[in-house]
Amino acid sequence: MDLLDVLRRQAGRFQCPKCGQSLAGCELEMLGQHDEQSLVKVTCVHCKDTRLIAVAVATEPEAEAPVIEIRDQPVDDLGAAISADEVLDARLALGGFDGDLKSLLH
């Protein structure tokens, strides 16, 4: 399965968080992969806003599409670069977290 191809076909279902236009035809760049998880850079063709998305592909046979989580922060507001491995490590660590957001942030 070519993940970027799947994301290109699904992009029209999503809207750019900055300009509200469809993300159909957006620019996609794979930044890193680890097991079933990937980090992808998405650039809106209308306003050129760039976002990072973490994509986790379910391994169960009944899964038809990847689970897509969209960050709410533009790439240029993130400060120092975070490696794809760091993002995926954080995702794996949070996968076992049992609590609410307030307790996580303290």
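To keep it simple, each residue is scored yes or no on (1) modelled with pLDDT under 90; (2) open to solvent by less than 90 Å² (accessible area, probe 1.4 Å).
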site: LYS18; (1), (2): no, no
site: CYS26; (1), (2): no, yes
site: ARG51; (1), (2): no, yes
site: GLN73; (1), (2): yes, yes
site: ASP98; (1), (2): yes, no
site: SER103; (1), (2): yes, yes
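Just the residues that are over 14 Å from ILE82 (Cβ atoms) and of a type outside the set (A, V, I, L, M), please, taken from segment 35-49. Matches in segment 35-49: ASP35, GLU36, GLN37, SER38, THR43, CYS44, HIS46, CYS47, LYS48, ASP49.
Considered as a group, the residues in segment 1-16 that are in a loop (DSSP other than H, G, I, E, B) and under 13 Å from ILE53 (Cβ atoms) include one that is least open to solvent (accessible area, probe 1.4 Å), and that residue is CYS16.
The values are calculated or read from the model by the stated rules, or taken from the named source; none is laboratory data. Every value quoted in this text rests on a predicted model; they were computed, and no experiment measured them. Note that we place each Cβ from the backbone using ideal geometry, even for glycine, and neighbour counts take in every protein chain shown. Side chains are part of the model used for accessible areas, which takes the heavy atoms of the whole protein and leaves out ligands, DNA and RNA. Shrake-Rupley method; radii C 1.70, N 1.55, O 1.52, S 1.80 Å.
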